[in-house]
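Trainee: Below are the structure tokens for one structure; questions will follow.
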Amino acid sequence: MWIGQGQRRWSLSERRNSACIGGAVRDCCGEWLGGFTMSIDVSSVFQLEARALYVGLQFAWDRGFHSVAVESDNALLRSGVTVDSSFGELRLAHALCERNWNVYV
């Protein structure tokens, strides 16, 4: 089963250190399989997007999906998840990608 983290959404609050993230998990035909939302503390938009990526991957892993296609318009984020990074959320996402499943970025 292929899933994508398509339609990832986020928004910053007026405090600028709090945000909401969410993602929709869909199969290869675009059928909705699930989704997630959460509030987080952030310091940058990149950290926000990296956290959404990590949470989406964890969501897929926890539900037993074996093949995942990650969709993101952030090239730095896409390249960062394929190598071990010093950035916390990317390091966690990279560790998830190294598990026994197929993750396509």
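Each value in this text was obtained by applying a stated rule to the coordinates, not by laboratory testing. Keep in mind it's a predicted model, so treat the numbers as computed, not measured. Note: ideal-geometry Cβ built from the backbone for every residue, glycine included; neighbour counts use all protein chains shown.
Trainee: HN-Hα J couplings of region 63-75 from phi, Karplus 6.51/-1.76/1.60, θ = phi - 60°, integer Hz, Gly and Pro as x?
Mentor: Values per residue, Gly and Pro as x: 9, x, 6, 9, 9, 10, 10, 8, 10, 7, 8, 9, 4 Hz.
Trainee: Just check region 43-105 against the gyration tensor rule for me: Cα atoms, a ≥ b ≥ c as the square roots of the eigenvalues, rounded for a/c under 1.5, and otherwise prolate or oblate depending on whether a/b exceeds b/c.
Mentor: Numbers: a/c = 1.65, a/b = 1.60, b/c = 1.03.
Note, shape of region 43-105 comes out prolate.
Trainee: Distance in nm between label sites at SER79 and VAL105, each 7 Å beyond Cα in the beta-carbon direction?
Mentor: 1.1
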